[in-house]
Amino acid sequence: MVDQKNEYILEAVGIRKHFGGVYAVDNVDLRLKHNEILGLVGDNGAGKSTLIKIISGILKKDEGEIYVDGQKVDIDNPNDANNLGIETVYQDLNLIDNQNVPFNIFLGREIIYGGLLKYFGFLNYKSMFNESVNLISKLDIGLSDIARPMQEYSGGQRQSVALSKLIYWGARIAILDEPTAALGVKESKKALEMIKMLKIKSNLSVIIISHNLHHVFSIVDRIMVLRQGKRVTVQDADKLTADDVVKYITGSEEVQRARTSETLG
Amino acid sequence: MNNINKKTLKKISYTIFFTNKTIVIALIIGIALSIASPYFLIPQNLFNVSRQIVVNAIVALGFTILLGMGEIDLSVGAMLGLIGVIVGKLMVDFDLSVPIAIIFALLSGVLFGTLNATLISAFSLPPFIVTLATASIFRGILFIATNMVPVILLPKAFLFIGQGYIGPVPVQVYILVLVFVAIYVIANRTKFGRYAVAIGANKEAARISGINIKRVRLYVYILVGLCVAIAAVIQTARSASAQTGAGLNMELDVIAAVVIGGTALYGGSVNVVGTLFGVLIIGMVNNGLNLLGINPHFQIIVKGLIILFALILDRIGLTLSAKQS
């Protein structure tokens, strides 16, 4: 236990979740090391989304335990996860499109005036705006005017706003769901670079879900494969080829499955 | 060159029209009515219009935040009628003092709002259907409680709220101003108002950001209930009686006013100032049709047409802004 405390920032052990009679996630372990990027891959319906929704507090698990820094934790809602430093960016980014950058960065955690006004939840527009400007310039994202509504920005800019929100809120563990799915080639490259930069500069540990194996390999330290709700393998990325991963995902070779049992852990 | 100028001019005039469409339309209707009827612009008639719109305006202001959240309350009319009867009966049959009766009216608004929100949240039901059902229940209780006889002989002190003046200004106009300021501040300056808009724009994003949707919904429906209660007190005092038909079809006027005012029909934005002008437009149209001696049944058709007009404008405005970006 002491060893694990040092090695892993996040551990989800024996996680199960069923919908109706089907186990979407069946007795899965996920371990995330400090300051690593873990790629989570698998076919549609393999249970990736269910697993990360459990970790980020959107779904409740049926069975299993979650540890952060070796301490057992209860995550019943998104706020619990946020308080533990777990922040998630979903595929559709979940931005309020007709509102501006500060609105989105502070959504759910607005800065309000103190004193008597506190009880009425009076918004402090000025400091939210200033904080956003500082953040955007600190992270070196090329946004000229943060007062414009989100819908006027490009996909890459929207992605970077979602990522900076996560940094602002002190994420230690970032879960990124298909961060490049909506982006073009150039913007995908930029987004991946930003994730790498955040890993180093902000000492972030990252779980990244992606369909694009090329993107996964360009950025991750380890790869974990899910198939039909079960963990098939988890290995260092440099010991795998894209072909290997495809085989694990589709389960096309039983040999691979046999080999898997040795590498689990 | 000339062509480009014309294009930008056209674009600018479009933008001006769509961002301020409510005020522009209110002005056009005002001018048209003052030309059509010599009585429209006389002070007495203008005071009439303002008094007629106060009740609708107060309900519509609360409704603005509700519609901004992407939900609806079709029970406001029946609720207004029922709360009017409650406040009337408490004073006449139970001899309660005016302030105590008013407090009970406000509590009823809180209770009815809580009922609507709880039904919607607890069983994940569509607000449209839930409030249609509670409207029917409220109206039924009202009919049984009154036996279809209006509550009359209300105390003088109570009537002052709906008929009195402080200086040259009717008491109810002061109340409207207070409600307007409160709703404006809530909608634009508080976390609560911001959460309602966020839920209307993107419910999933709001949920993921840790916003407690059920709690915000509860407060919004309570806010609507409170506005309805205030409006019910004014309405009852103004007509010196609690009428069994009070608030009938009020939903239509209120929704029309809020949508004309520029609040998005499907939620995601609020325009509190716009709602006031929306109510003014509906009020002017009702008043104008009366002044011109037009068959009251036509007024219902005209109201339907206004709502359709507002919806189409809303849609065109949306398409326009989508094209620009």
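Each value in this text was obtained by applying a stated rule to the coordinates, not by laboratory testing. All values reported here derive from a predicted model rather than from experimental measurement. With ideal geometry, Cβ positions are generated from the backbone for all residues, glycine too; neighbour counts draw on all protein chains shown.
Which one of B:A232, B:A78, B:S108 is farthest out on the positive end of the charge dipole of the protein assembly as shown, using unit charges on Cβ (Lys, Arg +1; Asp, Glu -1) and the Cα centre as origin?
B:A232
To the nearest 20 Debye, how big is the dipole of chain B about its Cα centre, given +1 on the beta carbon of each Lys and Arg and -1 on that of each Asp and Glu?
It works out to roughly 1040 debye.
Taking only Cα atoms, what is the 0 to 90° angle, nearest 10, from helix A:254-263's long axis to the longest principal axis of chain A?
Taking the Cα atoms of chain A, the angle to A:254-263 is about 70 degrees.
Could you state the angle between the C-alpha long axis of helix A:125-138 and the longest principal axis of the C-alpha atoms of chain A, as a value from 0 to 90 degrees rounded to the nearest 10?
50
Which of A:V28, A:L139, A:H214 sits closest to the plus end of the dipole of chain A, meaning its Cα is farthest towards the positive end, when Lys and Arg get +1 and Asp and Glu get -1 on the C-beta?
A:L139
State, to one decimal in nm, how far the label point of A:D80 lies from the label point of A:Q228, with both points 7 Å from Cα in the Cβ direction.
3.1
Report the full-extension gain for the segment B:L178 to B:N249: residue separation times 0.36 nm, less the Cα-Cα distance, to one decimal in nm.
Length gained between B:L178 and B:N249: 23.0 nm.
With a point put 7 Å past each Cα toward its Cβ, work out how far A:D69 is from A:K201 in nm, to one decimal.
2.4
To the nearest 0.05, how large is the calculated FRET efficiency for B:S97 and A:N44 if R₀ is 56 Å and r is the Cβ-Cβ distance?
Efficiency computed from Cβ-Cβ geometry: 0.25.
Using the structure shown, select from A:K53/A:K138; A:K72/B:K191; A:K33/A:K239; A:K165/B:K191; A:K17/A:K230 the pairs with a Cα to Cα distance greater than 21 angstrom.
In this structure, A:K53/A:K138; A:K72/B:K191 exceed 21 Å between Cα atoms.
Considering chain A as a Gaussian network with a 10 Å cut-off on Cα pairs, which listed residue, A:I75, A:I207, A:I111, attains the greatest mean-square fluctuation?
The residue that fluctuates most here is A:I111.
Angle, helix A:185-201 long axis vs. longest principal axis of chain A, Cα atoms, 0 to 90°, nearest 10?
In chain A, helix A:185-201 runs at an angle near 90 degrees to the longest axis.
Might you report the magnitude of the Cβ-based charge dipole of region B:39-195 about its Cα centre, with Lys and Arg at +1 and Asp and Glu at -1, to the nearest 20 debye?
My answer is approximately 280 debye.
How many nm separate the modelled label positions at B:K10 and B:N295, each set 7 Å beyond the Cα in the direction of the Cβ?
With each label point 7 Å from Cα toward Cβ, the separation is 4.1 nm.
Under a GNM of chain B (C-alpha, springs under 10 Å), which listed residue has the highest mean-square fluctuation: B:E204, B:E251, B:E71?
Sorting by GNM fluctuation, first place goes to B:E204.
Under DSSP H, which helices of chain B have Cα atoms covering 20 Å or more of the helix axis and a Kyte-Doolittle average no less than -0.5?
B:2-19, B:21-36, B:43-68, B:76-92, B:98-123, B:127-146, B:171-189, B:213-238, B:272-291, B:296-324
Find, among the chymotrypsin sites (Phe, Trp or Tyr not before Pro) in region B:214-302, those assigned to loop by DSSP (not H, G, I, E, B) with at most 16 other beta-carbon atoms within 10 angstrom.
Here the chymotrypsin sites (Phe, Trp or Tyr not before Pro) that fit, given the DSSP loop and packing criteria, are B:Y266.
Taking the Cα atoms of chain A, report the difference between the largest and smallest coordinate on each principal axis, in whole Å and largest first.
Its Cα atoms span 63, 40, 38 Å along the three principal axes.
For region B:54-247, just say rounded, prolate or oblate: build the C-alpha gyration tensor, square-root its eigenvalues into a ≥ b ≥ c, call rounded for a/c under 1.5, and beyond that prolate if a/b exceeds b/c, oblate if not.
oblate
How big is the dipole moment of the protein assembly as shown about its Cα centre under a simple scheme where the beta carbon of each Lys and Arg is +1, that of each Asp and Glu is -1, and everything else is neutral? Debye, nearest 20, please.
1340
Karplus couplings for region A:20-35 from phi (6.51 cos²θ - 1.76 cosθ + 1.60, θ = phi - 60°), rounded to Hz, Gly and Pro as x?
x, x, 9, 7, 6, 10, 10, 6, 9, 9, 10, 10, 10, 7, 4, 6
Kindly put A:T180, A:T88 in sequence by how many other C-beta atoms sit within 10 Å of each C-beta, fewest to most.
Taking fewest neighbouring Cβ atoms as first place, the list is A:T88, A:T180.
Exposure proxy check: B:S269, A:S252, A:S210 ranked by fewest other beta carbons within 10 Å?
A:S252, B:S269, A:S210
Can you give the FRET efficiency for B:F143 and A:K118, using 1/(1 + (r/R0)^6), R0 = 41 Å, r = Cβ-Cβ distance, to the nearest 0.05?
Efficiency, from the Cβ-Cβ distance: 0.35.
Which one, B:N249, B:L291, B:V55, projects farthest toward the positive side of the charge dipole computed for the protein assembly as shown from Cβ point charges (K/R +1, D/E -1)?
B:L291
How would A:M150, B:M79, B:M91 line up from fewest to most surrounding beta-carbon atoms within 10 angstrom?
A:M150, B:M91, B:M79
Does region A:39-86 classify as rounded, prolate or oblate by the C-alpha gyration tensor (a ≥ b ≥ c root eigenvalues; a/c under 1.5 gives rounded; else a/b over b/c gives prolate, otherwise oblate)?
Judged from the Cα gyration tensor, region A:39-86 comes out prolate (a/c at least 1.5, a/b above b/c).
Would you mind classifying the protein assembly as shown by shape? Square roots of the alpha carbon gyration tensor eigenvalues, ordered a ≥ b ≥ c; an a/c under 1.5 is rounded, otherwise it is prolate if a/b is larger than b/c and oblate if not.
Prolate is the answer for the protein assembly as shown, as a/c is 1.5 or above and a/b outweighs b/c.
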